[in-house]
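Accompanying notes for the structure given below.
The values are calculated or read from the model by the stated rules, or taken from the named source; none is laboratory data. All figures in this text were calculated on a predicted structure; none of them were measured in a lab. With ideal geometry, Cβ positions are generated from the backbone for all residues, glycine too; neighbour counts draw on all protein chains shown.
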Amino acid sequence: MFRLQEAGGEVVRQVEVARPLGAARLVPARYVTESARVLLLVALAAPHAPLALDLLARYDTVCLQRDRNTALMLVLATRNDSAAFEPVRAAVEALAGAHRGAQLDVLEAPLAAPADAADASEDPHELLARAQLAALREALPRLPLDTLVLLGVPHMEFNEEFLNRVRMNTIAGEQWFLPVAFARYAQFAHPRFVDAAGARPQQNTGRFNARHRHVLAFYKADYDAGNLPQPPHPPRPAPPRPSPHSHAHAHACRSALEQWQRTRSSEARGAAEVLAHGPLLTLSAPEPALLLTPQPPPCAALVQEEGQERLACLQRAREGGFAELDLGARHALAKLLLETQAELE
């Protein structure tokens, strides 16, 4: 901006200086496409067998009839209960017979015992995590490095839009995808959960629960890179002139750190922990096209049990703040409670 004095008075003129671009410049960016093939990897423990039949029906509708650029791999995590999966095997055979050329694989892997083998009240999320760990160990060595893996759960519902977002948000060598699923409230399955017209309500039916981290997508090469043991970091030098007590404490801390660094690569870790351990970026966002069906109440396996086992199980769930329990909206639960009390009275 220049102020110039002319005969007619002061004039303000604006001047722009630009340098012509001599050559085109390209910014390097990762190439992603919606045509990538997605391998849906689902781990099943014995309690998940009934849910697997519904998953196969949804896979038939969404993938085999619409999005054919997918593959399904079921890993049966067994522990002397292989007979519980016979309906699943029969359903997969029927599906393969109806869709010739579809890639439907069924593997079997041993399921590790829980940390507390004497505890019969194992948390269902812990069971799912151990089943997924067994599935990853069994399935990943069979896959090429450029495989796009979608690690799923047996109680998930999805559509083609979700599969396309998996393809676009998972970038080989740069980013893995951690969608936040919409978890249906357990109250959604209750017969009285209806609106004034008697239909299923469309609001307050669930929530995006970030604690459910069992569904994620990654490339096999990136998972292998994150699963490699990391070299230990050199210990920091001790401060000058330490007192005998502080020197002993620092030595103990360094010894514990070095011991953890030597053993951490052999510890059992979930897929999210392995990928977070690597150098890749993480994209995590609410995903409305990914639904989780209502789950049973905590300690459901001990409903018929009396005594301390079920009480201890409920106390552990309470200490955790029921963070993974998707029960229902407060006002809807209060209304159901008042209706039930009125009937009992």
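Structure values in brief
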{"item": "Test result for ALA181, out of contact with any Leu (no Cβ under 7 Å at 6 or more places or on another chain), in contact (Cβ under 8 Å) with a residue 40 or more places away in the chain and aliphatic (A, V, I, L, M)", "result": "no"}
{"item": "Checking GLU86 against (1) surrounded by 12 or more Cβ atoms within 10 Å (Cβ to Cβ); (2) modelled with pLDDT of 90 or more, the condition it does not meet", "result": "(1)"}
{"item": "Scan of segment 1-49 for residues that are of a type in the set (A, V, I, L, M), surrounded by 10 or more Cβ atoms within 10 Å (Cβ to Cβ) and part of a loop (DSSP other than H, G, I, E, B), ordered by number", "result": "VAL32, ALA36, ALA45"}
{"item": "Members of segment 16-36 that are touching a helix residue (DSSP H, G or I) at 6+ places or on another chain (Cβ under 9 Å) and either more than 30 Å from GLY173 (Cα to Cα) or not hydrophobic (A, V, I, L, M, F, W, C) (or both)", "result": "THR33, GLU34, SER35"}
{"item": "Every residue from segment 59-81 that is farther than 30 Å from ARG316 by Cα and exposed (fewer than 14 other Cβ atoms within 10 Å of the Cβ)", "result": "THR61, GLN65, ARG66, ARG68, ASN69"}
{"item": "Breaking point among (1) touching a helix residue (DSSP H, G or I) at 6+ places or on another chain (Cβ under 8 Å); (2) surrounded by 15 or more Cβ atoms within 10 Å (Cβ to Cβ); (3) modelled with pLDDT under 85, for PRO232", "result": "(2)"}
{"item": "Condition met for VAL32 (hydrophobic (A, V, I, L, M, F, W, C) and over 30 Å from LEU163 (Cα atoms))", "result": "no"}
{"item": "Test: residue in segment 52-59 that is closer than 12 Å to VAL106 by Cβ and not small (Gly, Ala, Ser)", "result": "yes"}
{"item": "Scope segment 57-83; condition closer than 16 Å to ARG100 by Cα and assigned to a loop (DSSP other than H, G, I, E, B); matching residues", "result": "GLN65, ARG66, ASP67, ARG68, ASN69"}
{"item": "Residue list for segment 139-175, restricted to those being within 20 Å of TYR31 (Cα to Cα) and in a helix (DSSP H, G or I)", "result": "GLU161, PHE162, LEU163, ASN164, ARG165, VAL166, ARG167, MET168, ASN169"}
{"item": "Checklist (1) in contact with a Pro (Cβ under 9 Å, 6 or more places away or on another chain); (2) not in a loop (DSSP other than H, G, I, E, B) applied to LEU136, failing item", "result": "(1)"}
{"item": "Residue that is surrounded by the fewest Cβ atoms within 10 Å (Cβ to Cβ) [pool: residues in segment 276-317 that are of a type in the set (A, V, I, L, M), modelled with pLDDT of 80 or more and not in a strand (DSSP E or B)]", "result": "ALA276"}
{"item": "Some residue of segment 112-127 being more than 30 Å from CYS313 (Cβ to Cβ), in contact (Cβ under 8 Å) with a residue 12 or more places away in the chain and in contact with a helix residue (DSSP H, G or I) (Cβ under 6 Å, 6 or more places away or on another chain)", "result": "no"}
{"item": "Qualifying position, being within 19 Å of the chain's Cα centre (by Cα) and either closer than 22 Å to LEU150 by Cβ or of a type in the set (Val, Ile, Thr) (or both), among ALA49, ALA36, ALA57, ALA43", "result": "ALA43"}
{"item": "Count of residues meeting criterion [part of a loop (DSSP other than H, G, I, E, B) and either small (Gly, Ala, Ser) or in contact with a helix residue (DSSP H, G or I) (Cβ under 9 Å, 6 or more places away or on another chain) (or both)] in segment 180-203", "result": "10"}
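Every residue, every condition in (1) within 12 Å of the chain's Cα centre (by Cα); (2) within 26 Å of GLN65 (Cβ to Cβ); (3) surrounded by fewer than 19 Cβ atoms within 10 Å (Cβ to Cβ), yes or no:
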| position | (1), (2), (3) |
| --- | --- |
| VAL153 | yes, yes, no |
| ASN159 | no, yes, yes |
| PHE162 | no, yes, no |
| GLY173 | no, no, yes |
| PRO179 | yes, yes, no |
| ARG184 | no, yes, no |
| ALA196 | no, no, yes |
| ASN204 | no, no, yes |
| ASN209 | yes, no, yes |
